[in-house]
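**Q** Once you've had a glance at the structure underneath, I'll fire off some questions.
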Amino acid sequence: MRHLMSPLDLTVEELDNLLTLANDIEHHPEKYADACKGKKLATCFYEPSTRTRLSFESAMLNLGGSVLGFSSADSSSAAKGESVSDTIRVISCYADICAIRHPKEGAALVASLKSSIPVINAGDGGHQHPTQTLTDLLTIYSLKGGLGNLTIGLCGDLKFGRTVHSLIHALIRYPNVRFVLISPEELKIPDYIREDVLKKNDVPFTELERLEDAMSDLDILYMTRVQKERFFNEEDYVRMKDYYILTKDKLTLAKEDMMILHPLPRVNEISVEVDDDPRAVYFQQARYGVYVRMALILTLLKWR
Ligand code: CP
């Protein structure tokens, strides 16, 4: 049995197979309509979510399976003090596979150690969000035709943005990938990513503060929201929240085929006027999240 805690839990070959399967699902959904008949997915979300939880549920329903779960800690027995370890042992009696989101880093890993069903990390604090990364990779693979030879700008809250951490981990395994890390000083990428992931693997990267200084070099601009829920005080959040706002004017500096991704939810960091630009693919990206989660559910259930 396999779990998914980080994109690195999958080899490059396994990841390629998963993306190929997701691509086939996108083009031939009818082939998979009963693939999980009789199977149940539990979504255990201790933190708010729209895309991740509902795309997991949509994915399982598209596969002919069923879903159960909870969407906040308050509506589960966590409110009475039940541990994640105990909860997953119980969920293992009710479902065949589980996606868990939790505000604490490592919570999904703790669950996986006590689980008798595959556990998928659907986001653990400011640490990792591997299924968002699968979504991002499928979007890039489908719309750019591959995952190598890219200059990727990651902009915004690189400190707390778990989607950024997971995406860097995944993309360094592809050839000729270069990162431009665009953030204010206070929201720079954590040291462990800079030292243990980027430098250790000789991955080229630069760190900048002004988005305009990076724009013309980028093949992909990955915008992120300032993660309000991870700040210790409101004052710091308010000071940082509108640090970057991508506007039509700024986009005049970008390549004609640069792709704008965002894991969403968006707050102010992309002006709505950008939504009609053909380079803005963040709503398409959300759709790819369903296909890749269908592929993941199928794959983990097959490996069980
Ligand atoms: N991208 C993402 O994780 O969105 P949700 O928080 O809505 O699940």
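**Q** If you check ARG293, ARG287, ARG266, which single one turns out to be without any contact (Cβ under 8 Å) to a residue 40 or more places away in the chain, within 16 Å of the ligand (Cβ to nearest atom) and out of contact with any Asp or Glu (no Cβ under 6 Å at 6 or more places or on another chain)? It would help to see each step written out before you state the result.
**A** Working: ARG293 fails: without any contact (Cβ under 8 Å) to a residue 40 or more places away in the chain; ARG266 fails: without any contact (Cβ under 8 Å) to a residue 40 or more places away in the chain.
Every option except ARG287 fails the conditions.
**Q** Additional query: Exactly one of these conditions fails for SER271: (1) over 30 Å from LEU4 (Cα atoms); (2) within 16 Å of the ligand (Cβ to nearest atom). Give me its number.
**A** (2)
**Q** Take the residues in the range 113-130 that are within 16 Å of the ligand (Cβ to nearest atom) and surrounded by 24 or more Cβ atoms within 10 Å (Cβ to Cβ); name whichever of them is modelled with the lowest pLDDT.
**A** GLN128
**Q** Considering (1) part of a helix (DSSP H, G or I); (2) within 19 Å of SER83 (Cβ to Cβ); (3) among the β-branched types (Val, Ile, Thr); (4) within 16 Å of the ligand (Cβ to nearest atom), say which one VAL110 fails and leave the rest.
**A** VAL110 satisfies every listed condition except (4).
**Q** Moving to a separate point now. If you check every pair at least six apart or on different chains, which have Cβ atoms under 6 Å apart with a residue in the range 131-160 that is closer than 21 Å to LEU15 by Cα and away from the ligand (no atom under 16 Å from the Cβ) first and a residue that is part of a loop (DSSP other than H, G, I, E, B) and of a type outside the set (A, V, I, L, M) second?
**A** If the second residue must be part of a loop (DSSP other than H, G, I, E, B) and of a type outside the set (A, V, I, L, M), the pairs left are LEU147/TYR174; GLY148/TYR174; GLY148/PRO175; GLY148/ASN176; ASN149/ASN176; LEU150/ASP219; THR151/ASP219.
**Q** Out of all the residues in the range 113-142, which are part of a helix (DSSP H, G or I) and more than 19 Å from ILE168 (Cα to Cα)? Quick ask: steps written out before the conclusion?
**A** So in the range 113-142, the residues part of a helix (DSSP H, G or I) come out as 113-114, 130-142.
Of everything in the range 113-142, those that are part of a helix (DSSP H, G or I) and more than 19 Å from ILE168 (Cα to Cα) turn out to be LEU113, LYS114.
**Q** Taking the residues in the range 4-58 that are hydrophobic (A, V, I, L, M, F, W, C) and in contact with a Lys or Arg (Cβ under 6 Å, 6 or more places away or on another chain) as candidates, determine which candidate is surrounded by the fewest Cβ atoms within 10 Å (Cβ to Cβ).
**A** That would be VAL12.
**Q** Here's something else I'd like to know. Looking only at the range 269-281, count every residue that is in contact (Cβ under 8 Å) with a residue 40 or more places away in the chain and more than 21 Å from ASP24 (Cα to Cα) and tell me the total. Even if it seems obvious, please write down each step before you answer.
**A** Our first condition is that a residue be in contact (Cβ under 8 Å) with a residue 40 or more places away in the chain; within the range 269-281, this holds for 269-270, 281.
Going one step further and asking which of them are more than 21 Å from ASP24 (Cα to Cα), we end up with 269-270.
Going through the range 269-281 one residue at a time, the tally reaches 2.
**Q** If you go through the range 186-193 one residue at a time, do you hit one that is within 17 Å of ASP257 (Cα to Cα) and either more than 19 Å from the chain's Cα centre (by Cα) or among the β-branched types (Val, Ile, Thr) (or both)?
**A** First pass over the range 186-193, keeping only residues within 17 Å of ASP257 (Cα to Cα): none.
For the range 186-193, residues within 17 Å of ASP257 (Cα to Cα) and either more than 19 Å from the chain's Cα centre (by Cα) or among the β-branched types (Val, Ile, Thr) (or both): absent.
**Q** Ok, one more. Could you check the range 178-264 for strands (runs of 3 or more DSSP E) lying wholly inside it with 2 or more residues that are open to solvent by 70 Å² or more (accessible area, probe 1.4 Å) and closer than 29 Å to LEU143 by Cα?
**A** Counting at least 2 such residues, we get no strands (runs of 3 or more DSSP E) at all.
**Q** Considering each residue of the range 24-60, count those that are more than 17 Å from TYR288 (Cβ to Cβ) and more than 11 Å from the ligand (Cβ to nearest atom), and give that number.
**A** Residues in the range 24-60 being more than 17 Å from TYR288 (Cβ to Cβ) and more than 11 Å from the ligand (Cβ to nearest atom): 14 in total.
**Q** Only residues that are in contact with a Lys or Arg (Cβ under 8 Å, 6 or more places away or on another chain), part of a helix (DSSP H, G or I) and open to solvent by 40 Å² or more (accessible area, probe 1.4 Å): list them for the range 268-285, please.
**A** Once the filter is applied, which keeps residues that are in contact with a Lys or Arg (Cβ under 8 Å, 6 or more places away or on another chain), part of a helix (DSSP H, G or I) and open to solvent by 40 Å² or more (accessible area, probe 1.4 Å), the range 268-285 yields only GLU273.
**Q** How do the pairs read when you match residues in the range 35-54 that are closer than 22 Å to ASP24 by Cα with residues anywhere that are within 11 Å of the ligand (Cβ to nearest atom) and aliphatic (A, V, I, L, M), using Cβ under 8 Å and keeping only pairs 6 or more apart or on different chains?
**A** Sorted first by the residue in the range 35-54, then by its partner, the pairs are LEU41/ALA99; ARG51/LEU264; ARG51/ALA286; THR52/ALA99; THR52/ALA122.
**Q** How about the range 1-23: which of its residues are closer than 13 Å to MET294 by Cα and either in contact with a Leu (Cβ under 6 Å, 6 or more places away or on another chain) or β-branched (Val, Ile, Thr) (or both)?
**A** Residues satisfying the conditions are LEU19, THR20, ALA22.
The values are calculated or read from the model by the stated rules, or taken from the named source; none is laboratory data. Remember, it's a predicted structure, so these values are computed and weren't measured experimentally. Here Cβ is always computed from backbone atoms with ideal geometry, including for glycine, and neighbour counts include all displayed protein chains. Accessible surface areas use protein heavy atoms only, side chains included; no ligands, DNA or RNA. Shrake-Rupley method; radii C 1.70, N 1.55, O 1.52, S 1.80 Å.
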